[in-house]
Amino acid sequence: MKIHEYQARDLLSAFGIPVPAGQTITNANDAANAYTEVTQAAGTDLAVVKAQVFAGGRGKAGFVKLVRSAADATAAADFMLSNKMVSVQTGPEGLDVNTLLVAAGVDIADRAPDTPDEYYIAITTDRNTRRNTLIASREGGVEIEQVAADTPELIIKQPINPQIGLQPFQANEVAFKLGFKGKQVRQAAMIMLKLSELYHAKDCSLAEINPLVVTPPNDTYPDGQVIAIDAKFNFDDNAMFRHKDLQALADPTEENPAEVEAAKHGMSYIALDGNIGCLVNGAGLAMATMDTIKLYDGEPANFLDVGGSATEEAVTEAFRIILSDAAVNGILVNIFGGIMRCDIIAQGIVNAAKSIGFSVPLVVRLEGTNVEAGRKILEDAAADLPTLQAAGDLGDAAQKVVAAVG
């Protein structure tokens, strides 16, 4: 699960991490008031208007704009709410923008030539070490993946002990390595410790601040204030039952409608770019099914794990979800009947196919308990379902569906 930037800022603030003042709006007519309130609260005339969408590249697409007047804020808001945002991450179809963040601008302290203006810190799981890991870099404000590829020496990694968590001395050490000076070190270290606390408390899979900056010195912060400008969070879907507060932040308008519908029925669905729909019970079997389709020069249109039971109701809904993708020219059903018998599964597939009405090829491969009886049901149903073909094994099924879709 993902959340928007404005929600991420609220989460940071709730855990004691400083962020600039901000307001959300959904109507361009509200931009002027939002601008006035956030700039007066921050004692500046600079604000930023940012589109709230689940895609990167907003700045290059013109959907992040610095403004210095209420009129400019209104003009920026009107543009963003009236146009689709198109970036490298959205595809040419773009995304509708429904919500904007109007936030106070932040002056960044003038730095020495060899000192960074923006920093990056994040916590995620390192699958190699099987530990959560603090990741930090002096190259904030840019794609961290590109930094890791081009200049891996600029990436600092600090593994986190799963029993005692991130320790203050570790955070201080990372802050020194990033180049923070004086009282900035303690501020930066505290942000890292609080981010680690947040990560564990909310079952995150990613907690990222990019960029982290230092403001010019003032009476309150003689060495400047370390402050988070932007944040990104991903949460473990399997832990959402523990977090009703996070569930309330979900924005289904930013998700694939088919994926949202599948989740309602306890299924896992991910849309892909191919033309062969896949209906499988079990994530591992689904991966193997997609690989086999690719082996025979086909292109999977989706990953769909219908779950262990594969009931008639689940299969029917899965067919509806797969066929909602106009690119699907054929469907491969690959079911292993363990607890659920193959004859019951086969009858459920036949009933579901008849109730929906199939106009695309449907290839079914069954294996497991009562498999011969299940295959007999499929063969007998072929007269009423001319698009239906039974397959003996996965390779046979993949070849048949690839041939059927041409």
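The values are calculated or read from the model by the stated rules, or taken from the named source; none is laboratory data. Given the structure is predicted, the values throughout are model-derived calculations rather than measurements. Glycine gets a Cβ as well: all are built from the backbone with ideal geometry, and neighbour counts include every protein chain shown.
Which members of segment 237-246 meet the condition of being loosely packed, with under 14 Cβ neighbours inside 10 Å and touching a residue at least 24 places away in the same chain (Cβ under 8 Å)? Before the answer, list the steps.
First pass over segment 237-246, keeping only residues loosely packed, with under 14 Cβ neighbours inside 10 Å: 237-238, 241-242, 244-245.
Selection gives Asp237, Arg242.
When segment 204-237 is examined, which residues are found to be touching a helix residue (DSSP H, G or I) at 6+ places or on another chain (Cβ under 8 Å), assigned to a loop (DSSP other than H, G, I, E, B) and under 21 Å from Tyr6 (Cβ atoms)?
Within segment 204-237, Gln225, Asp230 qualify.
Cys204 fails exactly one of the following numbered conditions: (1) without any contact (Cβ under 8 Å) to a residue 60 or more places away in the chain; (2) closer than 30 Å to Ala314 by Cα. What is the number of that condition?
(1)
Would you please list the contacts, defined by Cβ atoms under 8 Å and residues six or more apart or on different chains, that run from a residue in segment 105-122 that is farther than 14 Å from Gly141 by Cβ and of a type in the set (A, V, I, L, M, F, W, C) to a residue that is modelled with pLDDT of 85 or more and surrounded by fewer than 16 Cβ atoms within 10 Å (Cβ to Cβ)?
Pairs that qualify, where the first residue is farther than 14 Å from Gly141 by Cβ and of a type in the set (A, V, I, L, M, F, W, C) and the partner is modelled with pLDDT of 85 or more and surrounded by fewer than 16 Cβ atoms within 10 Å (Cβ to Cβ), are Ala109/Pro216; Ala109/Pro217.
Cβ-Cβ distance below 8 Å, separation of 6 or more or different chains: which pairs start in segment 351-371 with a residue that is assigned to a strand (DSSP E or B) and end on one that is basic (Lys, Arg) and buried (at least 19 other Cβ atoms within 10 Å of the Cβ)?
Matching pairs, first to second residue: Val363/Lys400; Leu366/Arg375.
Can you run down the residue pairs with Cβ atoms below 8 Å, 6 or more apart or on separate chains, where the first is in segment 266-291 and closer than 23 Å to Gly368 by Cβ and the partner is basic (Lys, Arg)?
Going by the 8 Å Cβ cut-off, there are no qualifying pairs.
Being in contact with a strand residue (DSSP E or B) (Cβ under 6 Å, 6 or more places away or on another chain) and hydrophobic (A, V, I, L, M, F, W, C) is the filter here; which residues of segment 259-284 pass it?
We begin by selecting, within segment 259-284, every residue in contact with a strand residue (DSSP E or B) (Cβ under 6 Å, 6 or more places away or on another chain); these are 259, 262, 268-272, 274, 276-281, 283.
Listed by number, the residues that qualify are Ala262, Ile270, Ala271, Leu272, Ile276, Cys278, Leu279, Val280, Ala283.
Determine whether Leu272 is under 24 Å from the mean Cα position of the chain (by Cα), at pLDDT 85 or above and surrounded by fewer than 22 Cβ atoms within 10 Å (Cβ to Cβ).
In short, yes.
Could you go through segment 132-155 and let me know if any residue there is over 30 Å from Val67 (Cβ atoms), of a type in the set (Val, Ile, Thr), modelled with pLDDT of 90 or more and touching a Ser or Thr at 6+ places or on another chain (Cβ under 6 Å).
Taking every residue of segment 132-155 in turn, at least one turns out to be over 30 Å from Val67 (Cβ atoms), of a type in the set (Val, Ile, Thr), modelled with pLDDT of 90 or more and touching a Ser or Thr at 6+ places or on another chain (Cβ under 6 Å).
Would you point out the residue of segment 147-165, among those that are of a type in the set (A, V, I, L, M) and over 25 Å from the mean Cα position of the chain (by Cα), that is surrounded by the fewest Cβ atoms within 10 Å (Cβ to Cβ)?
Going through the qualifying residues, I end up with Ile164.
Can you work out which of the residues in segment 323-382 that are closer than 18 Å to Lys400 by Cα and charged (D, E, K, R) is surrounded by the fewest Cβ atoms within 10 Å (Cβ to Cβ)?
Here the answer is Glu379.
Residues are listed down the side, and each one gets a yes or a no for (1) β-branched (Val, Ile, Thr); (2) in contact (Cβ under 8 Å) with a residue 24 or more places away in the chain; (3) closer than 15 Å to Ile270 by Cα; (4) touching an Asp or Glu at 6+ places or on another chain (Cβ under 7 Å):
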site	(1), (2), (3), (4)
Ala318	no, yes, yes, no
Asn329	no, yes, no, no
Asn334	no, yes, no, no
Ile345	yes, yes, no, no
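Is there any pair with a first residue in segment 59-77 that is within 11 Å of Val48 (Cβ to Cβ) and assigned by TED's automatic domain parsing to the domain that holds Glu143 and a second that is among the polar types (S, T, N, Q) and exposed (fewer than 14 other Cβ atoms within 10 Å of the Cβ) whose Cβ atoms are under 9 Å apart and which are 6 or more apart or on different chains, and what are they?
Close Cβ pairs (under 9 Å, with a partner that is among the polar types (S, T, N, Q) and exposed (fewer than 14 other Cβ atoms within 10 Å of the Cβ)) do not exist here.
Results for (1) in contact with a Ser or Thr (Cβ under 9 Å, 6 or more places away or on another chain); (2) in a helix (DSSP H, G or I); (3) surrounded by 20 or more Cβ atoms within 10 Å (Cβ to Cβ), shown as yes or no for each residue.
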| position | (1), (2), (3) |
| --- | --- |
| Thr253 | no, yes, no |
| Glu261 | yes, yes, no |
| Lys294 | no, yes, no |
| Leu304 | yes, no, yes |
